[in-house]
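The values are calculated or read from the model by the stated rules, or taken from the named source; none is laboratory data. Please read all numbers here as calculations on a predicted model, not as lab measurements. Cβ: placed from backbone, ideal geometry, glycine included. Neighbour counts: every protein chain shown. Just so you know, the surface numbers come from the protein's heavy atoms only, side chains and all, with ligands and any DNA or RNA stripped out. Shrake-Rupley method; radii C 1.70, N 1.55, O 1.52, S 1.80 Å.
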Amino acid sequence: MRRDLVVVGAPTSAGSYAPGQEAAPSVLRELGLIDRLRAAGRRVRDAGDGPLHVWAPDRQHPRAQNLAAVVQAVQAVAEHVAGALEEDGDVLVIGGNCTVALGVMAALTAHAPDAGLLYIDRHFDLNTPASTHEGALDWMGLAHALDLPGAAEPLAAAFARRPLLTPEQLHLLGIDPGAATPWEREQASILGLRWGSYTDLATLPGAEAARALGTLPSGPLAVHVDVDVLDFTDAPLAESTDGRNSGPTLDALSEALDTACRDQRFRALSVCELNPSRAAGAPAVLDRFLASLQHTLRATP
Ligand SMILES: [Mn+2]
């Protein structure tokens, strides 16, 4: 019997390049997210949403835009997830920006310090306000979790643990090294980060997930998905359109998630960077995505 499932929304695009991702929790709920998870046999509690933050340009802090709102959002996620873990639930977090993974890990490591994170993303998210001029914190999350040089103080110090994570607690899948900045490639190498590529995730999704799970610690497991890992032609869901004709299809990603989220250590899944307006011309993809979540989080083997 699987644990009860607590659903949390993190409707924030504060760390984005533009608005959109803040709408994902409400759009997925409207499309029947909670009922579909219940139909999958889970007992589900909808814990509601954290604070709503819609991206706006931050001209006072151009290289770390909307930092205070990003911190507030991740701290709200941490509180929600801590509450769910206290009642012995599994958690589904619908973002929002990829920074919400920090909130999940803050709660999970407070619960058990040897928690692990499987981070599925086309990007390393190892940038800092010093390494990129773009100022969008949504691809700087892991840099702050690892407290890299140049990290923004309020985000690196947002939780009781600092650094929030060590490299041994992490395994990344779906990475496009060609989309990484030179700083990110250098840091991944210095830290000895374990990662797999978007091509391997596309062709061997189950094996890639199993390989990653084998390297992660024995404590509770969080799985994080940036939907930008998906082939945008197959599944136009992400803020970033970098994935056109590359990366896993939604079916392939589902196979990886099925392996990861059915691991004995599994406690939390976060789904981020989903911009529902990307699917405006192909709305059936949102339904396919919900079907994938329903399958991944189902109660029965
Ligand atoms: Mn990404």
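Could you tell me which residue of region 200-225 is most open to solvent (accessible area, probe 1.4 Å), considering only residues that are within 16 Å of the ligand (Cβ to nearest atom) and touching a Ser or Thr at 6+ places or on another chain (Cβ under 8 Å)?
The qualifying residue most open to solvent (accessible area, probe 1.4 Å) is 202.
Restrict the check to region 150-160 and report whether at least one residue is within 16 Å of the ligand (Cβ to nearest atom) and touching a residue at least 12 places away in the same chain (Cβ under 8 Å).
Within region 150-160, none of the residues are within 16 Å of the ligand (Cβ to nearest atom) and touching a residue at least 12 places away in the same chain (Cβ under 8 Å).
Having 1 or more residues that are of a type in the set (Lys, Arg) and surrounded by fewer than 22 Cβ atoms within 10 Å (Cβ to Cβ) is the bar; report the helices (runs of 4 or more DSSP H) wholly within region 13-90 that clear it.
Once the helices (runs of 4 or more DSSP H) in region 13-90 are filtered for at least 1 residues that are of a type in the set (Lys, Arg) and surrounded by fewer than 22 Cβ atoms within 10 Å (Cβ to Cβ), what remains is 24-30, 33-39.
Among the residues in region 263-275, are any open to solvent by less than 40 Å² (accessible area, probe 1.4 Å), modelled with pLDDT of 95 or more and more than 18 Å from residue 8 (Cα to Cα)?
Looking through region 263-275, at least one residue is open to solvent by less than 40 Å² (accessible area, probe 1.4 Å), modelled with pLDDT of 95 or more and more than 18 Å from residue 8 (Cα to Cα).
Considering region 128-138 alone, what residues qualify as being among the hydrophobic types (A, V, I, L, M, F, W, C) and either open to solvent by less than 10 Å² (accessible area, probe 1.4 Å) or touching a Pro at 6+ places or on another chain (Cβ under 6 Å) (or both)?
Answer for region 128-138, where residues must be among the hydrophobic types (A, V, I, L, M, F, W, C) and either open to solvent by less than 10 Å² (accessible area, probe 1.4 Å) or touching a Pro at 6+ places or on another chain (Cβ under 6 Å) (or both): 136, 137.
Here is a list of conditions, (1) at pLDDT below 95; (2) within 16 Å of the ligand (Cβ to nearest atom), and residue 248 meets all of them except one; can you say which number that is?
Failing condition for residue 248: (1).
From 147, 176, 114, 125, which residue is of a type in the set (D, E, K, R), at positive phi and surrounded by fewer than 24 Cβ atoms within 10 Å (Cβ to Cβ)?
Checking each option against the conditions leaves just 147.
Would you pick out the residues in region 229-245 that are within 16 Å of the ligand (Cβ to nearest atom) and open to solvent by 10 Å² or more (accessible area, probe 1.4 Å)?
231, 232, 236, 239, 240, 241, 242, 244
Exactly one condition in (1) more than 18 Å from residue 160 (Cβ to Cβ); (2) polar (S, T, N, Q); (3) away from the ligand (no atom under 16 Å from the Cβ) is not met by residue 75; state its number.
(1)
Are any residues in region 104-147 in a loop (DSSP other than H, G, I, E, B) and more than 15 Å from the ligand (Cβ to nearest atom), and if so, which ones?
Listed by number, the residues that qualify are 112, 113, 114, 115, 128, 129, 130, 131, 133, 135, 146, 147.
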